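The values are calculated or read from the model by the stated rules, or taken from the named source; none is laboratory data. All figures in this text were calculated on a predicted structure; none of them were measured in a lab. Positions of Cβ are backbone-derived with ideal geometry, glycine not excepted, and every protein chain shown enters the neighbour counts.
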Amino acid sequence: QKEVEQNSGPLSVPEGAIASLNCTYSDRGSQSFFWYRQYSGKSPELIMFIYSNGDKEDGRFTAQLNKASQYVSLLIRDSQPSDSATYLCAVNMGGDYKLSFGAGTTVTVRA
Amino acid sequence: DTGVSQDPRHKITKRGQNVTFRCDPISEHNRLYWYRQTLGQGPEFLTYFQNEAQLEKSRLLSDRFSAERPKGSFSTLEIQRTEQGDSAMYLCASSWGPGSEAFFGQGTRLTVV
């Protein structure tokens, strides 16, 4: 079992719709959870982080964390063509800051 | 520019040659990380430093790989006797403390021919 798994893509959504991305992780002791956006050929860019169970909203993005289910998700509301990218889920697997990444989910927003 | 800086951005080398990459982290960050990313995969952890101390190395980091951060500021990653399987994007990231968010540099894309 991989340490961090993301729902397989690609995910295609129409402009204005909600894109829903899911991520599960194997280490129950994980403390910090991050979503990065990566455009083709570019480096990952941090868009959200969440440490506590529940929801965290930042603009059109909402991260949801459920530690009991070892599940973290990202919702992108009012999706725009500029949101088309690969979204990487990253988890801090221990007390220190070594991130383990999922393979990413590619999102395409259709105009 | 106060972001993480990596140099060079692209490197093409012949198999068997040595290459060295440099990373300059955000100035107040004491933690520096190296990752490797291949096409279609997420970044894989290679090694990390707290100040000048190298605290962890991945099993992915063979003996041909060495990293340094001599004064706790910039870091170098050297690959000796490169192989075609070393072709990847090498990413550097920095953070200010445990559990805090890491910020990535633009990466160095290595192609071994």
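For the stretch B:86-108, give me each residue that is closer than 26 Å to residue B:14 by Cα, within 14 Å of another protein chain (Cβ to nearest Cβ) and surrounded by 18 or more Cβ atoms within 10 Å (Cβ to Cβ). B:88, B:89, B:90, B:91, B:92, B:105, B:107, B:108, listed by residue number.
Just for the stretch A:12-33: of the residues that are at pLDDT 95 or above and under 11 Å from residue A:74 (Cβ atoms), which one is nearest to the other protein chains (Cβ to nearest Cβ)? Selected residue: A:23. Against the list (1) within 14 Å of another protein chain (Cβ to nearest Cβ); (2) at pLDDT 95 or above; (3) assigned to a loop (DSSP other than H, G, I, E, B), the condition residue A:36 fails is (3).
Among the residues of the stretch B:26-45, those that are within 12 Å of the chain's Cα centre (by Cα), facing chain A (nearest Cβ under 10 Å) and outside any loop (DSSP other than H, G, I, E, B) comprise B:33, B:35, B:37, B:44, B:45. Checking B:13, B:20, B:38 one by one, the residue that is surrounded by fewer than 21 Cβ atoms within 10 Å (Cβ to Cβ), more than 20 Å from residue B:56 (Cα to Cα), free of Cβ contacts under 8 Å to residues at least 60 places away in the same chain and not small (Gly, Ala, Ser) is B:38 and no other.
Restrict the check to the stretch A:82-98 and report whether at least one residue is touching an Asp or Glu at 6+ places or on another chain (Cβ under 6 Å), away from chain B (no Cβ under 14 Å) and modelled with pLDDT of 95 or more. No; the residues of the stretch A:82-98 include none that is touching an Asp or Glu at 6+ places or on another chain (Cβ under 6 Å), away from chain B (no Cβ under 14 Å) and modelled with pLDDT of 95 or more. Return a yes/no flag: does the stretch B:62-85 have any residue that is within 14 Å of chain A (Cβ to nearest Cβ), in contact (Cβ under 8 Å) with a residue 24 or more places away in the chain and outside any strand (DSSP E or B). No, the stretch B:62-85 contains no residue that is within 14 Å of chain A (Cβ to nearest Cβ), in contact (Cβ under 8 Å) with a residue 24 or more places away in the chain and outside any strand (DSSP E or B).
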